[in-house]
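Below is one structure, written out as structure tokens; comments come after it.
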Amino acid sequence: MSETSMLEVRGLVAGYGAAPVLREVDLTIPRGAITAVLGANGAGKTTLLRTLSGLLKPTAGRIVFDGQDLRGAKVEHLVRRGLAHVPQGRGVVAELTVEENLRLGGLWRGDAAGLRRDVAEAYETFPALARRRKHSGHQLSGGERQMLALARALVGRPRLLLLDEPSLGLAPRVTAQIMALLRRLRDASGLTVLLVEQNVRGALSVADDGVVMSLGRIAVTASAERLRDDAALRHAYLGF
Ligand code: ATP
């Protein structure tokens, strides 16, 4: 395993029934970079994130996160090791308030002062959440819930953030703020991000690298710059 990679995936097979969705995925995610995961509907992007975060058990293959084999690791252990997963359109406890959701995100840290600071910082980053701090999850709009899910993950101080379609249901202005935030976190604290996005152009404008999934495999791995600029590659794999 390379010194610089945050995640090494080899021969990963996973799915929901008899037929696998992920068919021997090989992937190396560099440390401190944003990698966009692209591909058509049904290619297996969400399934990949669910398998990496331990929600779905692989039937074959290896996942090495920061030098440690994740075989058999429980989801809570992965969180403690710095892996956060923000699922598509979910990840918020509807019965709890915004404040409670944020605190929950860092509860495991056992560092009350640090947690208070990080919750305050989350409100600075997402003023819309500060205005709704006493509201429960189910009183929030889809966009606010999406913001809360991301803010809650960040309060847990992850080193690897798996983000499934963060732009879903958000105004373009808010999406742009989130993308800028990801870059700031990458630069300031070396955060590694795996970003699944339908909005290919948006994802490639923020990412350092891109992987394109097709039929449960990684079809292409390239720098985001190359995926943006190489028309033949774009036509062949991204359809524009
Ligand atoms: P999308 O952008 O549409 O979410 P995706 O690339 O994320 O696409 P997945 O959601 O991983 O793709 O889906 C891959 C395949 O797995 C699809 O054929 C889908 O129908 C199937 N699938 C996804 N979730 C389930 C599930 N809970 N049970 C059974 N099959 C599923």
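Here, each number is a calculation from the coordinates, and none is a lab measurement. All values derive from a computational prediction rather than experimental measurement. Note that each Cβ is placed from the backbone with ideal geometry, even for glycine, and that neighbours are counted across all protein chains shown.
Out of Glu121, Glu99, which single residue is surrounded by fewer than 18 Cβ atoms within 10 Å (Cβ to Cβ), in a helix (DSSP H, G or I) and touching a residue at least 24 places away in the same chain (Cβ under 8 Å)? Write out each step before concluding.
Details: Glu121 fails: touching a residue at least 24 places away in the same chain (Cβ under 8 Å).
It is Glu99.
Exactly one condition in (1) surrounded by 15 or more Cβ atoms within 10 Å (Cβ to Cβ); (2) free of Cβ contacts under 8 Å to residues at least 24 places away in the same chain is not met by Thr35; state its number.
Condition not satisfied by Thr35: (2).
Of all residues being more than 14 Å from the ligand (Cβ to nearest atom) and buried (at least 21 other Cβ atoms within 10 Å of the Cβ) in segment 71-85, which is nearest to the chain's Cα centre (by Cα)? Just the residue, please.
Restricting attention to segment 71-85, the residues satisfying the condition of being more than 14 Å from the ligand (Cβ to nearest atom) are 71-84.
Subset that is buried (at least 21 other Cβ atoms within 10 Å of the Cβ): 78, 83-84.
Working: Leu78: 14, Leu83: 9, Ala84: 7 Å.
Per the criteria, the residue is Ala84.
Only residues in segment 1-30 that are near the ligand (Cβ under 10 Å from one of its atoms) count as the first member; pair them with residues that are charged (D, E, K, R), Cβ under 9 angstrom, at least 6 apart or cross-chain, and list the lot.
If the second residue must be charged (D, E, K, R), the pairs left are Ala14/Arg50; Ala14/Lys57; Gly15/Arg23; Leu22/Arg217.
Going through Ala18, Ala36, Ala14 one at a time, which residue ends up being out of contact with any Leu (no Cβ under 8 Å at 6 or more places or on another chain) and aliphatic (A, V, I, L, M)? Full working, then the answer.
On the way: Ala36 fails: out of contact with any Leu (no Cβ under 8 Å at 6 or more places or on another chain); Ala14 fails: out of contact with any Leu (no Cβ under 8 Å at 6 or more places or on another chain).
Step by step, each of Ala18, Ala36, Ala14 is checked, and only Ala18 is out of contact with any Leu (no Cβ under 8 Å at 6 or more places or on another chain) and aliphatic (A, V, I, L, M).
How about segment 86-96: which of its residues are within 16 Å of the ligand (Cβ to nearest atom) and part of a loop (DSSP other than H, G, I, E, B)?
Here is the first cut: in segment 86-96, the ones within 16 Å of the ligand (Cβ to nearest atom) are 86-91.
Pro87, Gln88, Gly89, Arg90, Gly91, listed by residue number.
Kindly indicate whether any position in segment 52-70 is buried (at least 20 other Cβ atoms within 10 Å of the Cβ), within 12 Å of the chain's Cα centre (by Cα) and outside any loop (DSSP other than H, G, I, E, B). Give the steps one after another, and end with the answer.
First pass over segment 52-70, keeping only residues buried (at least 20 other Cβ atoms within 10 Å of the Cβ): 52-54, 58, 63, 65, 70.
Then drop every residue that is not within 12 Å of the chain's Cα centre (by Cα), which leaves 52-53.
With the extra rule that they be outside any loop (DSSP other than H, G, I, E, B), the set shrinks to 52.
Checking segment 52-70: at least one residue is buried (at least 20 other Cβ atoms within 10 Å of the Cβ), within 12 Å of the chain's Cα centre (by Cα) and outside any loop (DSSP other than H, G, I, E, B).
For segment 37-62, which positions are away from the ligand (no atom under 13 Å from the Cβ) and among the hydrophobic types (A, V, I, L, M, F, W, C)?
Ala60, the sole residue that qualifies.
So Arg116 passes all but one of these: (1) over 30 Å from Ala222 (Cβ atoms); (2) in contact (Cβ under 8 Å) with a residue 24 or more places away in the chain. Which condition number does it fail?
(2)
Counting only residues that are among the hydrophobic types (A, V, I, L, M, F, W, C), away from the ligand (no atom under 16 Å from the Cβ) and more than 15 Å from Leu102 (Cα to Cα), how many does segment 131-181 have?
10
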